[in-house]
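The values are calculated or read from the model by the stated rules, or taken from the named source; none is laboratory data. Quantities reported herein were computed from a predicted structural model and do not represent experimental measurements. With ideal geometry, Cβ positions are generated from the backbone for all residues, glycine too; neighbour counts draw on all protein chains shown. The accessibility values were calculated without ligands, DNA or RNA, using every heavy atom of the protein model including side chains. Shrake-Rupley method; radii C 1.70, N 1.55, O 1.52, S 1.80 Å.
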Amino acid sequence: MEFDAVLIAPRRAEMVRDGHWHDRTINDELDACVAQFPDKLALTAVSLDNGAVRRFTWRELATMADRVAVGLARLGVVRNDVVSCQLPNWWQFTVMYLACSRIGAVINPLMHIFRERELSFMLAHGESKVVVVPKTFRGFDFEAMLNGLRGSLPALRHVVAIGGSGPDSFEARLADPEWEHEPDAREILTRSRPGPDDITQLIYTSGTTGEPKGVMHSANTLMSNIVPYAQRLRLSSDDVILMASPMAHQTGFMYGLMMPAMLRASSVLQDVWDPKKAIELIRAESVTFTMASTPFLTDLSKAVAETGQQVPSLRVFLCAGAPIPGPLVEQARAALGAKVVSAWGMSENGAVTTTMIDDDDERSVNTDGCPLPGTAVRVVDGDGAEVPTGTPGRLLVRACSNFGGYLKRPHLNGTDADGWFDTGDLAWVDERGYIRISGRSKDVIIRGGENIPVAEIESLLYRHPAIAQVAIVAYPDERLGERACACVVTKPGQGLDLAGMVEFLKAQKTAVQYIPERLVVLDAMPATPSGKIQKFKLRETLRQALS
Ligand code: ADP
C-alpha cells in the first residue's frame, strides 16, 4: 500500500528544530524497556470475557512480539502492508502493534462493535492483508463474520482468529511457533524496520459527511503527543496504567498501548467494562493512572460510593472523548480521591488540551484544559477571524501531533497551509487560555464516547421502503451524555415503528451501537426555505417532549 501522507514532510524541519519530533519509533522504546527493565512486569491482561489473566515482563513481551513479527512475515506481510486488528483490550493487541513495527507493517485498529457494513468499507479501503480477530467475544463469532466477507476483499490474504483452532488460529500461525530461533529470524526482524515518519497506524474515524476516513499517523506524530502528555501528568516508570477504554480508539491505543512502553511503566488491560471489576483491579494491581470517557468516570465513582471500596493508589483519572459535565467532575473527585483531569482531543491529534495536575479542581469542572506543549488553539468565526475571549466559535488546532492526512482523501484533510486543522468542534477560550467545548459543527452524536456517524445511518434509513425523509438527532442521556433518535416522515399510507426500524438496520449489518434508540414519526420536517432540515428544531422538540 502506498500512503499519501501529505501532511508529514512539509512540517518535518520545523518539528525537529523545535524539539517536538524525536525521531524514535516504538521499536526503540521496546528495545529500551528490555535493556533497562527486562524482568519488570510490563503488562497484565485481564479478560472478563473468558476469565483468562496473562502477565508479561518486558523481556517476555518483546520475545512474543518478535515471534509474532516473524510469523506475520511468514504469512507474506511486508513493509507498508496493513494489518487490521479487530480486538478487545487483549494482550494480543499490544503484541500485534509491537510485532507490526518490527517489520514495518501498519496497524489498523478496528472497534469490536463494527459489523459487516463498517468492516467491508474499512478493510477494502485500507487494503488490509491480514485481519486478526477473536474467535468469539461476548458470544459473537468474529471469525465467521470475517470469513463471510473474504470473497469481497481481494487484498485480504489471512483471517487469524485468537482462540480458534486449526492452522489459521493466532496460536498456530503466530504465537506458538518459536520462529525467533530460526536462522533467518534476525534478518526478518531488522531488515525493514520503519522510520519515524513512515505511517505506523491507520485508524478510521466516523464520517461526518459520508464514509469513514482513514486517519494516518507516523511514530513522530503519535509520540510527539505522548511525551508532553506524560510530562504534564507527571507519569513515569513507577506508574501502573489501567486501560479499560478500547485500544481500538486513539485514547486506548496511545495511552494504554504505546505510552507504557515509552515510560517503561506497566499496563493493566480490561476487556469488558465493569466498574466493580475495575475497582478490584485498581486495588490489586496498585493502578495509579487511567484515562477514559465520561461514562467510565460516572460508573467508577458510583461503584466506589456504593461498595465503599476505596481506590487509594489511583492518582489521576483523565476524562476526555465526550462532553464532561462539571458536577460529574466534582462528584468523581470526592468519591475517588484522585485528581480528575479533563481533556479534549481527537483521533487526528491525540489529546490536545488538558488541565494541569496542580490546577484547582475548578479548572477541570469548568474547562477542558489548555494546549499541551507543541500545540496551539484558535477560535474563529464563520469568516475565519479570531473571536474575543469567552465567545464561542469554530475550534482550530495547530499541533505537532497533527495526523499525516486521510488515506486516499487528501482533499478532506481539513488542514490549511499554515497547519491549522479545523476540528468540527465549537469552543470558547477563557482569559487564561483554557478551552471549553461548547458544541459541534460536525454532525456526529457522541454516545458515551462512541461517535455515531449520523449521515451514514441516515442514508441507510433512506433505503427503508416506508421512509420519505429522515433526520437523526441526539437526545440527552444521564449516563451516556447523548443517544440517537430518528425523526422520520413516512411515505403516504406507510407506517413505521421502532422495532421495525431496528430490525431493518440490524439486517444492514451495522454496529448495534449506531442504531437509534428512539423513533419519532412526524407529519413534516422542519426545514429552511431551501429545504435543509433544521435539526436544531428537532432537538428542541425532542427535549421538550422528554422533559
Ligand atoms: P477518540 O477516538 O479519542 O474518541 P474521536 O476522533 O473519535 O476521538 O472523537 C473526537 C471528538 O470527541 C471530538 O472532536 C469532540 O467532538 C469529542 N470530544 C472529545 N473530548 C471532548 C470533551 N472534553 N468535551 C466535549 N467533546 C469532546
Using only the alpha carbons of region 68-178, what is the convex hull's orientation-averaged projected area in square nanometres? 6.1 nm²
Hull volume per residue for region 41-94, using the convex hull of the C-alpha atoms, in Å³ is 91 Å³
Which is farthest toward the positive dipole end of the chain among I26, T294, M111, measuring Cα position about the Cα centre, with Cβ charges +1 (Lys, Arg) and -1 (Asp, Glu)? M111
Only Lys, Arg (+1) and Asp, Glu (-1) charged, at Cβ; the chain dipole about Cα centre in debye: 600 debye
Using the Karplus equation 6.51 cos²θ - 1.76 cosθ + 1.60 (θ = phi - 60°), what ³J(HN,Hα) coupling, rounded to whole Hz, does each residue of region 213-224 give in order, writing x for Gly and Pro? 10, x, 7, 9, 10, 9, 4, 5, 5, 6, 6, 5
Taking Lys and Arg as +1 and Asp and Glu as -1, residues besides A45 with C-beta under 10 Å from its C-beta add up to +1
Too long at a 25 Å Cα-Cα cut-off: which of K129/K442; K509/K537; K129/K408? K129/K442; K509/K537
Theoretical ellipticity at 222 nm over the chain - DSSP helices of four or more residues, -39500 (n - 2.57) apiece, nearest 500: -9000 deg cm²/dmol
Return the FRET efficiency for the residue pair D381, A417: r is the Cβ-Cβ distance, R0 is 22 Å, and the value is rounded to the nearest 0.05. 0.65
Given unit charges at Cβ for Lys, Arg (+) and Asp, Glu (-), the dipole magnitude of region 182-231 about its Cα centre in debye, nearest 20, is 140 debye
Using θ = phi - 60° and the Karplus relation 6.51 cos²θ - 1.76 cosθ + 1.60, list the HN-Hα couplings for region 505-518 in order, rounded to whole Hz, with x at every Gly or Pro. 6, 4, 5, 7, 6, 9, 4, 4, 5, 8, 6, x, 9, 9
Give the aspartates and glutamates whose C-alpha is closer than 18 Å to that of K302, dropping any in the same chain fewer than 8 places away, or say none. D274, E280, E330, D477, E478
Given region 319-385, report the % of alpha carbon pairs whose separation exceeds 14 Å. 60 percent
Obtain the radius of gyration and the Kirkwood radius of region 251-395 from its C-alpha atoms and give Rg over Rh. 1.00
The local net charge around R117, scoring Lys/Arg +1 and Asp/Glu -1 for residues other than R117 whose Cβ lies under 10 Å from its Cβ, equals -1
Loop-resident sites, region 397-491, for trypsin sites (Lys or Arg not before Pro), counting at most 12 other Cβ within 10 Å (DSSP): R432, R463, R479
Stokes-Einstein D for the chain (10 °C, 1.306 mPa s, Kirkwood Rh from Cα pairs), in µm²/s, comes to 66 µm²/s
How much net charge surrounds W58 when only other residues with a Cβ under 11 Å from its Cβ are counted (Lys, Arg +1; Asp, Glu -1)? -1
Diffusion coefficient, µm² s⁻¹, Stokes-Einstein with Kirkwood Rh over alpha-carbon pairs of region 180-221 at 37 °C and 0.692 mPa s: 256 µm²/s
For region 497-547, what D do you get in µm² per second when you plug the Kirkwood radius from alpha-carbon pairs into Stokes-Einstein at 37 °C and 0.692 mPa s? 255 µm²/s
So how strong a dipole does region 78-133 carry about its Cα centre when Lys and Arg Cβ are +1 and Asp and Glu Cβ are -1, to the nearest 20 debye? 100 debye
Reachable aspartates and glutamates, given that their alpha-carbon falls under 16 Å from the alpha-carbon of K276 and they are not under 8 places away in the same chain: D49, E285, D299, E306
Considering the options L542, V444, T423, tell which one lies farthest towards the positive end of the dipole of region 416-547, charges being +1 on Lys and Arg and -1 on Asp and Glu at the Cβ, about the Cα centre. L542
Heavy-atom accessible area per residue - region 126-202, 1.4 Å, Å²: 45 Å²
With a ≥ b ≥ c taken as the square roots of the eigenvalues of the C-alpha gyration tensor of region 105-238, please select rounded if a/c is under 1.5 and otherwise prolate if a/b is larger than b/c or oblate if it is not? oblate
Out of the DSSP beta bridges found with both residues in the chain, what percent are antiparallel (nearest 5)? 60 percent
Can you give me the Rg/Rh ratio for region 420-547, using Cα atoms for both radii and the Kirkwood formula for Rh? 1.01
